[in-house]
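Please treat every number below as a calculation from the coordinates, not as lab data. Everything numeric in this text was worked out from a predicted model, so none of it was measured. A quick note on method: Cβ atoms are made from the backbone with ideal geometry, for glycine too, and the neighbour counts reach across all protein chains shown.
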Amino acid sequence: MLDFKELSKDGNDLELLVREILLTKGYRVQWSGKGPDGGKDLLCFEDRASEFLSDSKTWLIQCKHKDKGAVGKDDLDDIVDSCTEHKAKGYLLVCDTYPSAAVITRLEKISENEKNDIQATYWDSVKIEQLLSTPRLWRIAQRFFPISSRNSAWEIYATESPNKWIANYRGYHFHLSNRIGSKVDFHFHSIDSRINDIEGIKLPKGEFIRIRAVYFNDKVGGYNWFLDYMYDKNLKPSTHGKIIAHKLGDGWALEDGQIYSFDVLTRPYNEFSDHYDRDHYDYYSPYLLNYQNGIERATEFKSETQSWSVELAIDKYREDNRNSIFNDLTKVFKRLACARLLRSANCEIEKLPLFNKLLDWTDLIEKIKLNDDTFFNCKFVFDVVNRESFFKLVTYLPQNISPSFNLINRFICTPDDKFEGSIIDFEEKEIFEIVISLMPEVTHNIYDGRKELNSYMNKIIAATERFISENE
């Protein structure tokens, strides 16, 4: 909720706020001079178009600021006389609390009196907040309510259809639609998680992502997100919409079991244009049918060459995402004085889909160079030279349920001379293996699996660096 105590106590902010709302809505507005209480009255001109004879209606608007409690009859002047003075046929009382029952009754009687020919009504704090909680007017709310607008919870506004809404949440304004159902509140947790993912993508100054719509296919399950990746037209974009979609998990079932699709358009903007606003109607109006029916917007690719270069960029990101944290952990393990890293093998979870519906895996294993059955494991083999210190290292490493790590003492078994038995090689060197594992039964998909694994390996990197600084 917006906190009206953020407005100035002299009432000036309330008057300016109402003026900004009316101007943004397209009305002609001017000050009429100070009223009896020292405040400035507003005159609003409502131009009414007609096929026969267009006309204009003048509204007298009086704003009443109260720290608390209702606006009473004693707070008002003679409404009819004031309207007559300004040739106004409409009267609007605006208060940042609420009008008393007596005031409401007075306004109703003025409207019912045919001799006056005046319509009288009011806006209270609830009405003002409702007006501001729209994509077009939310910027005004952020200016006059800088604290409470930032902490505002969900604001959902119905449209003409019971399965379509306009949502305002965490400073984003977007269309929210179900394919069939008329319930909306079960989306909140999912959308909150995806916004956290979106805001977790690091972009250079001047680049940002705006949410335009979220569509839920409640017949088969799955979300379609419509996002715009915005960049300064005078600068080269640092990434691409397709890459952002991939980072967010495009095409995967995420933690709530729903399949997510991200339609991300790369859009240039000119902040100095008098037509620019990050939530301008041009980003919404042309795509309403797409937003309300989950239909992908027109592609932004201009040529096959450009499309191919983006695919290469996505492949590079996918490979970097797979290897970067693993390589960082390998480098840290190589710095250990208590043990020598002999070998490391990354998790191969990304290769699982390649085995789908194949009866013979021989050629595939050779083609993709699958050297170890490490679909859900990362392995690090050490030659331990100081057992006590190495075991102390292990106590630094965080242990979870999934991902988790196991410490294994390895022995080398070779065939005997007759190949009828085995010989265990008990050398002075001690071979230990740290295996970092995902539990397949709780790993939702490749995307979540790699994300969880990378997060866990980052924690192990930090723990190992702390061990090295404190002990070696």
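When Kirkwood radius over Cα pairs in Å is computed from the coordinates, the matching label among (1) 23.6; (2) 22.9; (3) 28.1 is (3). Taking amide H as placed 1.01 Å from N in the peptide plane, HIS173 has its amide H under 5 Å from the amide H of ILE211, each at least 5 places away in sequence or on another chain. Rounded to the nearest 20 debye, the dipole size of the chain about its Cα centre is 580 debye, using +1 on the Cβ of Lys and Arg and -1 on the Cβ of Asp and Glu. Extension gain, ASP277 to ASN400: 0.36 nm times the residue separation minus the Cα-Cα distance gives 39.7 nm.
Projected label points at LYS57 and ASN113, each 7 Å from Cα along the beta carbon direction, are separated by 1.9 nanometres. Listed by chain and number, the lysines whose alpha-carbon sits under 19 Å from that of LYS242, ignoring those within fewer than 8 places in the same chain, are LYS202, LYS233, LYS302, LYS316, LYS451.
One chain, two ends: LEU354 and ILE195. Fully extended at 0.36 nm per residue, the span grows by 54.1 nm beyond their Cα-Cα distance. With the helix formula -39500 (n - 2.57) applied to DSSP H stretches of n ≥ 4, the chain reaches a computed 222 nm mean residue ellipticity of -9500 deg cm²/dmol. Between VAL220 and THR121, what length comes free when the chain is fully extended (0.36 nm per residue of separation minus the Cα-Cα distance, one decimal in nm)? That works out to 30.9 nm of additional length. Taking amide hydrogens as placed 1.01 Å from N in the peptide plane, the amide H of THR266 sits under 5 Å from those of TYR229, GLY241, each at least 5 positions away in sequence or on another chain.
The mean sequence separation of alpha-carbon pairs under 8 Å and at least six residues apart, normalised by the residue count of the chain, gives a relative contact order of 8 percent.
Relative contact order, whole percent, for segment 321-471 stands at 29, derived from Cα pairs under 8 Å and 6 or more residues apart. When only alpha carbons are used to place a centre, segment 219-239 and segment 1-70 end up 38 Å from one another.
Between GLN119, TYR396, GLN62, the Cα set farthest toward the positive side of the dipole of the chain (charges on each charged residue's Cβ, about the Cα centre) is that of GLN62. Label reach from ASP232 (point 7 Å along Cα→C-beta): in segment 189-212, amide nitrogens under 15 Å belong to 203-208.
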